[in-house]
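In what follows, a structure is listed as structure tokens, so that the remarks can point back to it.
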Amino acid sequence: MEDLVVNQDLTIPARELSWTAVASGGPGGQNVNKVATKVQLRWDLPSSAALPEWARLRLLSLAGRRVDADGCVMITSASTRSQDRNLELARERLADLVREALARPKRRRPTRPSRAAKRRRLEDKRRLSQKKAGRRGGREHD
């Protein structure tokens with residue numbers, strides 16, 4: 001396996017990646033017991049020096065259930081009937097996940113509604129209240 005190029009600044013060395021092929025789930029016809037096309041790509045994240053610490057922590061939170069007890073990231077692909085193509089897809093998914101972890105989210109700047117926005121909101125509430133009050137006419141009893 002070759003190194004995984006994530007972007008121009010980051011490449012995951014091939015020695016940190018390993019993959020296994022397993023039998024896919026579901027019906028498979030004649031090849032069900034002969035061909036293992038589902039691919040599990042594993043990246044040993046705890047021993048990796050490819051990512052800075054802040055990106056590693058962000059990746060762990062983004063990966064969610066794809067991280068095992070050892071801290072390794074596991075990507076699976078079974079969308080095609082070709083083992084090679086599934087490996088390519090798993091590598092692309094891992095690269096996409098790492099790219100997403102490297103993109104720092106913008107800090108949210110807290111804002112307040114303007115005076116005019118508050119006034120409009122209160123006017124709308126008053127208008128709606130009056131409309132509903134107009135529907136509540138008193139009933140006359142016979």
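A short reminder: the numbers here are calculations on the coordinates, not readings from a lab. The structure presented is a predicted model; accordingly, all values stated were derived computationally and were not measured. Ideal geometry is used to build each Cβ from the backbone, glycine not excepted, and the neighbour counts take in all protein chains shown.
Shown is the FRET efficiency for A133 and R108, computed with R0 = 25 Å from the Cβ-Cβ distance and rounded to the nearest 0.05: 0.05.
The spread of Cα positions in the chain, taken along each principal axis and listed from longest to shortest, comes to 84, 44, 27 Å.
Each Lys and Arg adds +1 at its Cβ and each Asp and Glu adds -1 at its Cβ; summed about the Cα centre, the chain shows a dipole of about 2100 debye. If you take the square roots of the eigenvalues of the alpha-carbon gyration tensor of the range 76-142 and sort them as a ≥ b ≥ c, do you get rounded (a/c under 1.5), prolate (a/b over b/c) or oblate? Oblate is the answer for the range 76-142, as a/c is 1.5 or above yet b/c matches or exceeds a/b. Scanning the chain for long hydrophobic helices, with DSSP H runs required to stretch 24 angstrom or more by C-alpha along their axis and to average at least 1.6 on the Kyte-Doolittle scale, returns nothing.
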